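See structure below.
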Amino acid sequence: MQAAYAPGLTQIESSKLMSYSLSVRGFYDDNITTANSKVSTVKDSFGIDVRPSASLNLTTLQQTYIGATYTYGLRYFTDRQPHAGDHSHEFDARLEHEFTERYKVSMDDSFVYAQEPEVIGDLGVLQRSNSSVYRNNADVSFSGQLSELFGVTLAYDNAWYDYQRRGANSYAALLNRFEHSVRLDTRWVLDPKMTLRVGYRFTALDFTGNDEILFAGSGLYGRDRNNTAHTVFTGVDYSFNARLKSSLDVGARFTEYDHAVAGNSTVSPFVSANVTYVYKEGSYAQTGVTIDRQATDQTGSSVSQVTSDSFSISPYLSISHKITPRLTGTGLIRYTQLTYNGGTLDKQADNFIALQLGADYKVSEHWYVTSNYNFDNLSSDALLSTREYTRNRVFLGVTAKY
């Protein structure tokens with residue numbers, strides 16, 4: 001008999017071809033439009049959130065894993081028109097094939113249709129928009145361990161964003177785009193605990209909006225912010241022991257803008273770091289930081305030079321703690337600072353704090369009681385102060401898994 005190939009799956013996930021879940025939660029949202037209370041009316045609402053999902057995990061093949069998950073979301077607001085205005089579709093698929101113990105290829109795809117920024121994952125967008133968004137992330141990578149001490153990974157990433165609300169200065173005009181990325185990583189195993197990396201990444205942003213990004217007649221379009229970037233970095237993975245592991249990548253990003261209106265070339269730091277500590281069985285803490293550049297929904301107000309993008313710094317802390325064998329608590333806090341580049345908003349910054357707290361109680365193998373609290377706060381420099389808002393959301397419900 002041959003062992004099943006089930007990378008990263010739990011015993012329950014790998015034991016069934018299909019699994020299903022249904023989550024039904026009541027919620028209260030005190031700022032459903034992420035409005036600034038100083039300049040507009042803040043609206044709140046109670047509601048119901050329903051999320052059925054189905055997953056496929058094909059693990060019977062000796063060297064190949066195929067997995068897919070589809071989740072539908074419906075959020076009904078009692079005090080908003082239309083009541084059931086939020087519909088989301090999330091589809092994740094993964095194919096991994098291991099040619100030999102040293103060579104493997106993997107393909108991942110994540111498709112989302114949604115309205116909430118945290119679901120869409122467009123990191124340069126901090127406010128909720130009534131515009132629905134299609135987003136697709138695809139990744140193909142090949143990894144080879146050429147010798148016991150040296151390995152290489154070659155990968156291609158593609159991200160597509162399509163905001164549905166059109167018009168001048170709309171999210172569609174500002175953010176509809178393709179992001180292409182090719183990266184090459186080389187790995188040297190210095191000892192069983194330490195692996196050294198040296199890598200290169202090429203990135204191209206191609207904006208596709210057909211409307212003007214400032215106002216009708218301004219003559220500026222999303223394509224005027226097209227850019228390419230070259231990132232070089234070195235990194236290290238280090239395992240202090242079986243419970244404490246770390247990873248660090250440090251380098252520089254060289255960004256070139258296709259059109260003079262977006263500014264001159266820019267050099268900025270690139271950092272990706274995290275530390276994970278499994279402090280007891282079923283409980284862990286992870287902290288990290290990402291420093292890079294992001295596309296932005298901000299343009300400034302000048303037609304001679306626009307805000308091209310933003311420089312982002314985003315540290316975070318995540319905890320999952322098994323309080324009892326049946327009760328698990330989770331927490332995540334993330335701070336994001338976006339400093340804008342070029343135009344009338346040059347050097348202006350947004351500061352965003354997101355806090356998520358949750359608790360899951362396992363009633364039985366198939367039933368869970370869940371509760372969550374989300375806090376969002378956006379504070380901004382003077383020229384961006386009308387964007388500021390605070391939002392609190394509370395969810396309470398049940399989840400069934402089979």
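Residues in the range 350-383 that are touching a helix residue (DSSP H, G or I) at 6+ places or on another chain (Cβ under 8 Å) and at pLDDT 95 or above: ASP350, ALA354, LEU378, SER380.
Across the range 29-55, the number of residues qualifying as at pLDDT below 95 and part of a strand (DSSP E or B) comes to 0. Screening the candidates TYR72, TYR65 for the property of being in a strand (DSSP E or B), touching a His at 6+ places or on another chain (Cβ under 9 Å), open to solvent by 30 Å² or more (accessible area, probe 1.4 Å) and of a type in the set (Ser, Thr, Tyr) yields one hit, TYR72.
Which residues, counting only those in the range 348-402, are without any contact (Cβ under 8 Å) to a residue 60 or more places away in the chain, more than 30 Å from MET18 (Cβ to Cβ) and assigned to a loop (DSSP other than H, G, I, E, B)? The answer is GLN348, ASP381.
Here's the yes/no breakdown for (1) within 27 Å of TYR28 (Cβ to Cβ); (2) touching a Cys at 6+ places or on another chain (Cβ under 6 Å); (3) among the hydrophobic types (A, V, I, L, M, F, W, C); (4) surrounded by fewer than 16 Cβ atoms within 10 Å (Cβ to Cβ):
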{"site": "LEU317", "(1), (2), (3), (4)": "yes, no, yes, yes"}
{"site": "THR330", "(1), (2), (3), (4)": "yes, no, no, yes"}
{"site": "ILE333", "(1), (2), (3), (4)": "yes, no, yes, no"}
{"site": "TYR389", "(1), (2), (3), (4)": "yes, no, no, no"}
{"site": "ARG393", "(1), (2), (3), (4)": "yes, no, no, no"}
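Out of VAL236, VAL261, VAL303, I need the residue that is touching a helix residue (DSSP H, G or I) at 6+ places or on another chain (Cβ under 9 Å), open to solvent by less than 70 Å² (accessible area, probe 1.4 Å) and touching a residue at least 24 places away in the same chain (Cβ under 8 Å). Which one? None of the others qualify; the one that does is VAL261.
Applying a threshold of 8 Å to beta carbon distances and a minimum spacing of six or more residues, or different chains, the list of pairs starting in the range 321-334 at a residue that is in a strand (DSSP E or B) and ending at one that is exposed (fewer than 13 other Cβ atoms within 10 Å of the Cβ) and at pLDDT below 95 reads LYS322/LYS280; LYS322/GLU281; LYS322/GLY282; THR328/GLY282. Looking only at the range 154-188, residues that are open to solvent by less than 60 Å² (accessible area, probe 1.4 Å), of a type in the set (S, T, N, Q) and under 30 Å from ALA114 (Cβ atoms) come to 4 in all. Only one of (1) over 24 Å from the mean Cα position of the chain (by Cα); (2) within 18 Å of ARG387 (Cβ to Cβ) is not met by THR324, so which one is it? Condition (2) is where THR324 drops out.
Each residue in the range 76-125 was checked for being among the hydroxyl-bearing types (Ser, Thr, Tyr), open to solvent by less than 20 Å² (accessible area, probe 1.4 Å) and in contact (Cβ under 8 Å) with a residue 40 or more places away in the chain, and 0 pass.
Within the range 160-182, how many residues are among the acidic types (Asp, Glu) and at pLDDT below 95? Looking only at that region, the number is 0. Which numbered condition in (1) under 24 Å from the mean Cα position of the chain (by Cα); (2) modelled with pLDDT of 95 or more; (3) not in a loop (DSSP other than H, G, I, E, B) is the only one that GLY26 fails? The single condition GLY26 does not satisfy is (1).
The values are calculated or read from the model by the stated rules, or taken from the named source; none is laboratory data. Treat the numbers as computed from the prediction; the structure is a model and nothing was measured. Positions of Cβ are backbone-derived with ideal geometry, glycine not excepted, and every protein chain shown enters the neighbour counts. Please note that ligands, DNA and RNA were not included when accessible areas were found on the heavy atoms of the full protein model with its side chains. Shrake-Rupley method; radii C 1.70, N 1.55, O 1.52, S 1.80 Å.
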